[in-house]
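Participant: Have a look at this one.
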Amino acid sequence: MSIEVCMLASGSGGNCTLLRTPKGVVLIDAGLGPRATASRMNGTGTTLRDVSAICLTHLDCDHISPLWADTINSRGIRVYCHAPRVAELVGICGEISNQIVGFNQAFEPLEGLCVQPIELAHDNDGSHGFLIEGFDCRIGYATDLGRVTQELIERFVDLDVLALESNYDPQMQFDSARPAFLKQRIVGGKGHLSNEQAFAAVTQILDRCEKIGARLPAHIVLLHRSRQCNCPKLVRHLFTRDPRIASRLTLAEQFERSQWLRSKPFRTLVGEQLLLAWG
């Protein structure tokens, strides 16, 4: 078994991604409360009891819910947070300090799973993308980017799963009733990526893979799509222009989870194994 990825929720209403590995289960972000997360996990073959760690990209309320405090403490879940923001996390969730692990460099939330943080320019305090490696699998995960860096392009090669935000359509953003300050925050280089910026980043990553002879990702997942200022039809129309993307594309949703995304073909399963694998 390699790593399997399931996007439980993605968007301003809450972000949470599930990683299942041979050594246990990890969440990337916990923007849904534990009850909502448990409900979304129904049918995946995993439960909250399986979660050993939560890796936080940043501390916006749609990425970490304060409702997690009791569950984190009662189940002994380790929470990985950028070290300079540990005190802020305690302020959000309350007394979970014994469970928080601050990171400034690569960390290992599970035995055999290495997470390398990549600094991103989001709002005043920044965010982190993650390059996740282990069990013969590599995942690149980045949301709330602000802008795409050359480091991100160079490090997100030779992946099994590439997950990147594609937040807004520029014209829909411009035409929306949102206040001017919010529009500027989103489009000003420290907010979110437009569809076009995300498409350019993905194509650059694929071009770089081909240039250096690296494999292309088996799955390309688009995260954090705005419900007000984006449209799945627009996203698909843009991204499927590149045939390398079209056959690999998954749009993460706010109100329903994705299928399990796997990096490699799995052996034929029967009986209870089939139920666990497919939910």
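The values are calculated or read from the model by the stated rules, or taken from the named source; none is laboratory data. Values in this document were obtained by computation on a predicted structure and should not be read as measured data. Every residue, glycine as well, gets a Cβ built from its backbone with ideal geometry; the counts of neighbours run over all protein chains shown.
Participant: Has region 173-188 got at least one residue that is out of contact with any Phe, Trp or Tyr (no Cβ under 6 Å at 6 or more places or on another chain), modelled with pLDDT of 95 or more and acidic (D, E)?
Facilitator: no
Participant: Please determine, by comparing only the residues of region 202-222 that are touching a strand residue (DSSP E or B) at 6+ places or on another chain (Cβ under 9 Å) and part of a helix (DSSP H, G or I), which one is surrounded by the fewest Cβ atoms within 10 Å (Cβ to Cβ).
Facilitator: Filtering first and then ranking leaves L206.
Participant: OK, next. Only residues in region 248-274 that are at pLDDT 50 or above and exposed (fewer than 12 other Cβ atoms within 10 Å of the Cβ) count as the first member; pair them with residues that are among the basic types (K, R) and part of a helix (DSSP H, G or I), Cβ under 9 angstrom, at least 6 apart or cross-chain, and list the lot.
Facilitator: E256/R40
Participant: So, one more: Which one of these is surrounded by 15 or more Cβ atoms within 10 Å (Cβ to Cβ), among the aliphatic types (A, V, I, L, M) and more than 24 Å from E4 (Cα to Cα): L48, L67?
Facilitator: Numbers: L48 fails: more than 24 Å from E4 (Cα to Cα).
Checking each option against the conditions leaves just L67.
Participant: Continuing with this model, one more query. Looking at region 16-51 only, could you name the residues that are part of a strand (DSSP E or B) and over 17 Å from the mean Cα position of the chain (by Cα)?
Facilitator: G24, the sole residue that qualifies.
Participant: Another question, if that's okay. Please state which one of F156, F199, F181 is over 25 Å from P66 (Cα atoms) and either touching a Pro at 6+ places or on another chain (Cβ under 8 Å) or exposed (fewer than 14 other Cβ atoms within 10 Å of the Cβ) (or both).
Facilitator: F181
Participant: Ok, one more. Assuming C6 fulfils every condition listed in (1) more than 26 Å from A121 (Cβ to Cβ); (2) touching a His at 6+ places or on another chain (Cβ under 9 Å); (3) hydrophobic (A, V, I, L, M, F, W, C) apart from one, which condition is it?
Facilitator: Going through (1) more than 26 Å from A121 (Cβ to Cβ); (2) touching a His at 6+ places or on another chain (Cβ under 9 Å); (3) hydrophobic (A, V, I, L, M, F, W, C) one by one, C6 breaks only (2).
Participant: Check whether at least one residue in region 192-199 is at pLDDT below 95 and not in a helix (DSSP H, G or I), and report yes or no.
Facilitator: Narrowing region 192-199 to residues at pLDDT below 95: 192.
This time we only want the ones that are not in a helix (DSSP H, G or I), so: 192.
Yes.
Participant: Going through region 145-170 one residue at a time, which ones are in contact (Cβ under 8 Å) with a residue 12 or more places away in the chain and not in a loop (DSSP other than H, G, I, E, B)?
Facilitator: Listed by number, the residues that qualify are E151, L152, I153, E154, R155, V161, L162, A163, L164, E165, Y168, P170.
Participant: Given (1) surrounded by 13 or more Cβ atoms within 10 Å (Cβ to Cβ); (2) part of a loop (DSSP other than H, G, I, E, B); (3) of a type outside the set (D, E, K, R), where does N124 come up short, assuming only one miss?
Facilitator: (1)
Participant: Scanning region 223-247 for residues that are free of Cβ contacts under 8 Å to residues at least 24 places away in the same chain and of a type in the set (S, T, Y), which turns out surrounded by the most Cβ atoms within 10 Å (Cβ to Cβ)?
Facilitator: Going through the qualifying residues, I end up with T240.
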